[in-house]
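Below is one structure, written out as structure tokens; comments come after it.
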Amino acid sequence: MNTVALPSKKRIDSIDRLRGIIMVIMALDHVRDFFHIDAMTGDPTNPETTTPILFLTRWITHFCAPLFVFLAGTSVFLTGQKRSKKDLSIFLLKRGIWLVALEIVVFNFLFSFDPSYSFIGLQVIWVTGLSMMLMAALVYLPVPVLFALGLLLVAGHNFLDRFNDAPNATDRSMIWALLHQQYFAPGGGRLLGVLYPLIPWPGIMLLGYCLGSWFSKDYDPAMRRKQLVQTGLLTVTAFFILRWLNVYGDLFPWSEQKNTTATIISFFNVTKYPPSLLYCCMTIGPGLLLLAWLEKTRARWADIVVIYGRVPLFYYMLHFLVIHLLCMIAFFATGHTMAQATGGLMVFRPNDFGFSLGVVYLIWIAVVAGLYPVCKKYSEYKAAHTQWWLSYF
């Protein structure tokens, strides 16, 4: 068996714990997509039609994608402590290409179960891969320069909103869609969905990369926790101030609604595609506070979620497969036929199929719990082996 000598695999538990938490929460949104009765026909974030529990179910999962990409940047920095800049750059380029290929070929199939690939969605894995490919060129720059560039992308990209096309535009530039505006482009019998435009995701990864310097071996842990708390509080405060001013930082201003609850929902309903400045502040700020707390917690649940955080890509692929297989079983068990299986973005998931939100939560818990033993076994395998491909999966 071909193996290579790799550096020590010592990991930072607080980072893996936070990553594990967001991986667990992420599964809730995907289970909702496949099993909730209104997932294909309603908008859980619309203040006029949603309910508080449905909005919270969607809102809590907003933390997953930005923190996933942010922590990926932190992991890049830590990996760079064990490699030369050249080796790190080559690794990032190859891993980025690998992730983009996985998104297009593997994850699109797991999402749709459609062997004809009539719908190709470019989502978080593809934008993570592209961001890593950009990082391959940027890692040669000093950390302060990378921090300034990351901050510019995250804080400044909403100035580009003025160049967006109207939502119903049919002649939208594909280049602009790939860069900054979500778009579904039909063509050649297929539908291409740019769900995650590129900007500002590389900026989020760059900021996470800069955070990695606080986790260097000789960095004072007490100072790190203090800085995490201070930065987290500053970021959360920036969210509330900017959102209240309602002038800049999000594509859609909040507004007064029919009642106080709906107005609060409007206030927290910030833009994910692409992630606005306020979206980033609302998610990354609390993430930094949680990261500081996770350094000292000794709770049993933290030892459980850390397993998911150590094998995120493996878990991501496996949970999509399991959720869609369960959806297929439920589809036939509820009396649907194969003739009703096609016609939507996901095979075995027609618009009139689904269950209550309570059932969604039960399925989510079952999926996450059922994947734990498999993820634990794979985590132990990764820790004990040095095959080259383990660095990519």
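The values are calculated or read from the model by the stated rules, or taken from the named source; none is laboratory data. All figures in this text were calculated on a predicted structure; none of them were measured in a lab. When we count neighbours, we look across all protein chains shown, and the Cβ atoms used for this are built from the backbone with ideal geometry, even at glycine.
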Residue count for the stretch 285-305, restricted to those that are within 30 Å of I241 (Cα to Cα) and assigned to a helix (DSSP H, G or I): 10
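If the requirement is being in contact (Cβ under 8 Å) with a residue 12 or more places away in the chain and either in a helix (DSSP H, G or I) or among the β-branched types (V, I, T) (or both), which of these qualifies: Y308, Y248?
Y308
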Selection from the stretch 264-296 of residues that are free of Cβ contacts under 8 Å to residues at least 40 places away in the same chain and either surrounded by fewer than 19 Cβ atoms within 10 Å (Cβ to Cβ) or aromatic (F, W, Y) (or both): I264, F267, T271, W293
Among (1) exposed (fewer than 14 other Cβ atoms within 10 Å of the Cβ); (2) within 22 Å of L56 (Cβ to Cβ); (3) hydroxyl-bearing (S, T, Y), the one test that S216 misses: (2)
Criterion: in a loop (DSSP other than H, G, I, E, B) and surrounded by fewer than 20 Cβ atoms within 10 Å (Cβ to Cβ) - qualifying residue of D43, D33: D43
Residue under evaluation K382, criteria (1) surrounded by fewer than 16 Cβ atoms within 10 Å (Cβ to Cβ); (2) within 20 Å of M23 (Cα to Cα), criterion not met: (1)
Subset of the stretch 311-344 [among the β-branched types (V, I, T) and assigned to a loop (DSSP other than H, G, I, E, B)]: V311, T334, T337, T342
Tally, over the stretch 181-205, of residues that are modelled with pLDDT of 95 or more and more than 13 Å from L130 (Cβ to Cβ): 0
Answer from F331, F314, F320, F353 - the residue that is free of Cβ contacts under 8 Å to residues at least 60 places away in the same chain and either over 30 Å from A155 (Cβ atoms) or out of contact with any Leu (no Cβ under 8 Å at 6 or more places or on another chain) (or both): F331
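State whether one or more residues within the stretch 345-356 are of a type outside the set (V, I, T) and part of a helix (DSSP H, G or I). Quick ask: steps written out before the conclusion?
First, pick out the residues of the stretch 345-356 that are of a type outside the set (V, I, T): 345-346, 348-356.
Narrowing the set further to residues that are part of a helix (DSSP H, G or I) leaves none.
Within the stretch 345-356, not a single residue is of a type outside the set (V, I, T) and part of a helix (DSSP H, G or I).
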